[in-house]
Amino acid sequence: MILCLMIAFVWAYSHLGLRGEDLHPSSGGLKVLGEFAARALTPALTSEADFVPEGTRPLLYIALSSARTTLFFAAAGMSLGLFLGIVLGFFSSTSWWAGDFGGVRRSSPSRILGRVLFPVLYGGSRVIINLMRSTHEVLWAVLFLTAFGLSNTAAVLAIAIPYGGTLAKIFSEMVDETTREPAHALRGAGASGLQTYSFALVPQALPDMIGYSFYRFECALRSSAILGFFGFPTLGLFIRQSFSSLNYGEVWTFLYVLLGMVLIFDWWSGAVRRRLAP
Amino acid sequence: MKGTSLELDGVSVQYGNTTALEAVSLSISAGERVGLVGPSGSGKTTLLRLLNGSVLPDQGDVHVSGSPLYTLSRTDLRRVRASIGFVYQDHRLVPNLQVSQNVIAGQLGRVSLLKSLRMMLFPSRVMVEKAHEILCRVGIGEKLFERTDHLSGGQQQRVAIARALFQEPQVLLADEPVSSVDPARAKDAVELLTRISREENLTLVMSLHNLDLAREYCERLIGLRRGRIVFDEPTSSIQESHFSELYRIGEGEMLADGA
Ligand SMILES: Nc1ncnc2c1ncn2[C@@H]1O[C@H](COP(=O)(O)OP(=O)(O)OP(=O)(O)O)[C@@H](O)[C@H]1O
Ligand SMILES: [Mg+2]
């Protein structure tokens, strides 16, 4: 296993011809980097543009309102993603139907249900979630932009689809990794598959599922900010604009706002996780 | 009708190369209290699990109240299972739910998904009072709202019994209901199960390692050895020799067990 990884690494390394010298930057580039870094401690509080048109909102207002848009896109994408993750996660976990003997000795619909329908649903949902996951949100954004133009729906879908796939995969794994004995016990007392899933399997996985969802929300905030590069009015849009007008102080302001949001979420998810701990 | 009959008809169960049960036939009538005894690995757990349809026999049939368990449709199987309470050796409670939720989960087999959501998340006062009453009956009424995994092994076992009772079963199956508690409580647990089954006229089948308890509380004893029935008789006609036969160490068995 480790050997395989090492071989893969060496192969990729030589194939790409990675060499330290490649990193030697142009002196101009270094200068930009230096100027940019120099502003880290002095982010702009007001616009740094040479010409500010009449009626332009103040910089801090733009920063906060684009932070709000970033949050909204992330929240909308994430809630749709959660919905997809929960539904697909149910179908792509096996623990609620595997090993049940309902109607095994019949040649009837109930046998077909257990032996054919559930495995097919399982396989189908795994294919779907892998298709959703295997494409990065940025590529989904490009796709939806082409299809729908610069609409909010495009941005939300671009987040929701890959996130939904990832959540479904992780949720189903978390559920399938919990101990199955309590589920079997409820099954033995007549509970249905969906009931054992909801009340024996999910409760055990729930603290992990919640913790992971918070983490993905953090990721969604960053993805949402990045979507600004395509023109959505999130932090990314203003970061790009300020960067290209060389107003590095403004860039830092936006970055700090993003960092602040992520930190708040991190703190919140920590608090929730501590409450759920045994 | 209270109480339900149970029947095994030439049942064999195979786990890979191990034969857990071989051509076992027995019939238990409604309201009987039966003890299963036998050395470790003799097939007691397997036999109990057959009775609520959680092990698929390789041969033979299992009948509960006359219905062949493994030919029932899913819905019918659910209905039959809902009438069978099982107290597991390892409790099988959901560790991070409240005691009340684990008890109430006993009734899942009787309700629709929507109703079960309400029942598990926002149980009605009546439900909670009923759960509390049953917990009082098994002696841990004060633990109603505790997290289940904060309870001791013996207390969790009582929760498991309470869950089975909340099910309002016709049959109670108990697998080693004494293994996780001290000797005094062991007797309590067996006493409790017997008393309840007598009061409510439930069929009771329990596996017991403790032969004295088995003799004291069961009216009929079934001895298992290497997956076969060695004896099946009313307790009154059981002799010491029955037990010594059951636990006799056969040729090569020491080696086989040690392997
Ligand atoms: N899930 C399983 N997979 C493989 N073998 C099993 C499984 N369950 C039971 N067995 C085997 O079947 C035989 C009977 O097991 P069973 O659990 O029914 O015995 P038991 O009488 O309940 O033993 P104990 O008194 O130790 O609980 C044993 O040899 C055991 O190893
Ligand atoms: Mg056992």
Residue-wise, which Karplus ³J(HN,Hα) couplings in Hz belong to the stretch B:52-62, taking 6.51 cos²θ - 1.76 cosθ + 1.60, θ = phi - 60°, and x for glycine or proline? 10, x, 10, 10, 8, x, 6, 9, x, 10, 10
Per the 1.4 Å probe, what fraction of the accessible area of the protein assembly as shown, in percent, lies on carbon and sulfur atoms? 61 percent
Could you check which residue among B:Val11, B:Val111, B:Val230 shows the biggest mean-square fluctuation in a GNM of chain B with a 10 Å Cα cutoff? B:Val111
With each run of n ≥ 4 DSSP H residues scored as -39500 (n - 2.57), what mean residue ellipticity at 222 nm is computed for chain A after dividing by its residue count and rounding to the nearest 500 deg cm²/dmol? -23500 deg cm²/dmol
Give me the number: length gained by fully extending A:Ser245 to A:Trp268, i.e. 0.36 nm times residue separation minus the C-alpha to C-alpha distance, one decimal in nm. 4.7 nm
Report the convex hull volume per residue for the stretch B:8-145, counting only C-alpha atoms, in Å³. 154 Å³
Chains A and B: accessible area buried, summed over both chains, 1.4 Å probe, nearest 100 Å², reads 2800 Å²
Between helix A:27-38 and chain A, what is the angle of the helix's C-alpha long axis to the longest principal axis, kept within 0 to 90° and rounded to the nearest 10? 80 degrees
Using the basic label-point model (7 angstrom from Cα toward the beta carbon), what is the B:Ser124 to A:Ala49 distance in nanometres? 6.4 nm
Cleavage-rule hits (trypsin sites (Lys or Arg not before Pro)) in the stretch A:1-50: DSSP loop, at most 16 neighbouring Cβ within 10 angstrom: A:Arg19
Tell me, what is the per residue accessible area of the protein assembly as shown in Å², probe radius 1.4 Å? 49 Å²
Residue among B:Leu208, B:Ser197, B:Phe166 farthest towards the positive dipole end of the stretch B:162-244, charges placed on Cβ: B:Leu208
Quarter of Cα convex hull surface for the stretch A:59-276, i.e. mean projection, nm²: 14.1 nm²
Between B:Asp182 and B:Ser40, what is the spin-label point distance in nm, taking each point 7 Å from the Cα along the Cα→C-beta axis? 2.3 nm
Restricting to DSSP loop positions (anything but H, G, I, E, B) with no more than 15 other Cβ atoms inside 10 Å of their own Cβ, which GluC sites (Glu not before Pro) remain in the stretch A:34-64? A:Glu54
Which residues, if any, in the stretch B:43-57 lose at least 50 square angstrom of accessible heavy-atom surface (probe 1.4 Å) when the other protein chains sit next to their chain rather than the chain being alone? B:Leu56
Rounded FRET efficiency, nearest 0.05, which uses the C-beta distance separating B:Ser237 from A:Ala8 and R0 of 56 Å: 0.20
Can you tell me which of A:Ser192, A:Ser92, A:Ser66 moves the most in a GNM of chain A? Springs connect C-alpha atoms under 10 Å apart. A:Ser192
Take every Cα pair under 8 Å in chain A that's 6+ residues apart, average their separations, divide by the length, and report that relative contact order as a whole percent. 27 percent
Mind giving me the nanometre distance, one decimal, between the label points for B:Asp212 and A:Ser27, set 7 Å out from Cα along Cα→Cβ? 9.7 nm
The stretch A:39-100 and the stretch B:67-129 have their Cα centres apart by a whole-number Å value of 41 Å
Part-to-part distance (alpha-carbon centres) for the stretch A:129-172 and the stretch B:184-249, which is given in Å: 61 Å
Taking chain A as the reference, fit the longest principal axis to its C-alpha atoms, fit the long axis of helix A:248-276 to the helix C-alpha atoms, and give the angle between the two in degrees, 0 to 90, nearest 10. 30 degrees
Per-residue ³J(HN,Hα) for the stretch A:213-222, Karplus 6.51 cos²θ - 1.76 cosθ + 1.60, θ = phi - 60°, Hz, x for Gly and Pro: 4, 4, 4, 5, 4, 4, 4, 5, 4, 5
Choose one answer from B:Ile196, B:Ile249, B:Ile84: the residue with the largest mean-square fluctuation in a GNM of chain B with alpha-carbon springs under 10 Å. B:Ile249
Suppose only helical runs count, i.e. DSSP H with n ≥ 4. What mean residue ellipticity at 222 nm does that imply for chain B under -39500 (n - 2.57) per run, divided by all residues and rounded to the nearest 500 deg cm²/dmol? -11000 deg cm²/dmol
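The values are calculated or read from the model by the stated rules, or taken from the named source; none is laboratory data. Remember, it's a predicted structure, so these values are computed and weren't measured experimentally. A quick note on method: Cβ atoms are made from the backbone with ideal geometry, for glycine too, and the neighbour counts reach across all protein chains shown. Ligands, DNA and RNA are stripped out before the accessible areas are found, and what is left, the full protein with its side chains, is counted by its heavy atoms. Shrake-Rupley method; radii C 1.70, N 1.55, O 1.52, S 1.80 Å.
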